[in-house]
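What follows is one structure encoded as structure tokens, with my remarks underneath.
The values are calculated or read from the model by the stated rules, or taken from the named source; none is laboratory data. The structure presented is a predicted model; accordingly, all values stated were derived computationally and were not measured. Here the Cβ is made from the backbone with ideal geometry for all residues, glycine too, and neighbour counts use every protein chain on show.
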Amino acid sequence: MRTTPLAKSGEIERKWYVIDATDISLGRLSAAVATILRGKNKPQYTPNVDTGDNVIIINAANLKLTGKKATDKIYYHHSSYRGGIKATAAGELLTNNPVKLVEKSVKGMLPKNTLGHQEFLKMHVYAGADHKHEAQQPEKLDINKLI
């Protein structure tokens, strides 16, 4: 009888990838990053084990929002007080805090449990071209080849 080999957390090799977000749509970037963080691009993917790689996203301030998403896509936050709902448009969030915009988008595509939180912590987002992970020797990844 043949059995499917399941990945064990101690046997997984993790790589580091750098993704340049310049002129890439937010949704396409988020979908590709979520796939890498989950480990779905590897043959030893196991749903209940964190098999994903580390991802560094640079130039988050230069990504693009297609259509009318800059004005029509609204992110809500509530302060837990009566009347404390706050609304922020995606375009405003892109200009003020592009790191938060990318993090919210990718986090929404990950599982809503402890495994999803563990996978989310392997993502590092920077608004500019500089990052502090040169010691890990990340390899550059072209997002257009994944999608």
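Just a few scattered comments:
- Test result for T46, crowded, with 16+ Cβ neighbours inside 10 Å and over 17 Å from E103 (Cβ atoms): yes
- Residue check for R2: at pLDDT below 95 and either surrounded by 16 or more Cβ atoms within 10 Å (Cβ to Cβ) or not small (G, A, S) (or both): yes
- Candidates R14, R2: the one that is of a type in the set (K, R), assigned to a loop (DSSP other than H, G, I, E, B) and more than 27 Å from K132 (Cβ to Cβ) is R2.
- Filtering region 19-31 to residues that are surrounded by fewer than 20 Cβ atoms within 10 Å (Cβ to Cβ) and assigned to a strand (DSSP E or B) leaves D20, S25.
- Checked against (1) surrounded by fewer than 17 Cβ atoms within 10 Å (Cβ to Cβ); (2) within 18 Å of I36 (Cβ to Cβ), L63 meets all criteria but (1).
- Test for D53: is it modelled with pLDDT of 95 or more and either out of contact with any His (no Cβ under 9 Å at 6 or more places or on another chain) or buried (at least 16 other Cβ atoms within 10 Å of the Cβ) (or both): yes
- Within region 1-58, considering residues that are hydroxyl-bearing (S, T, Y) and under 19 Å from L121 (Cα atoms), the one nearest to the chain's Cα centre (by Cα): S30
- Neighbours by Cβ (under 7 Å, 6+ apart or cross-chain): first from region 109-123, over 22 Å from G27 (Cβ atoms); second acidic (D, E) and assigned to a loop (DSSP other than H, G, I, E, B): L115/D50; Q118/D50
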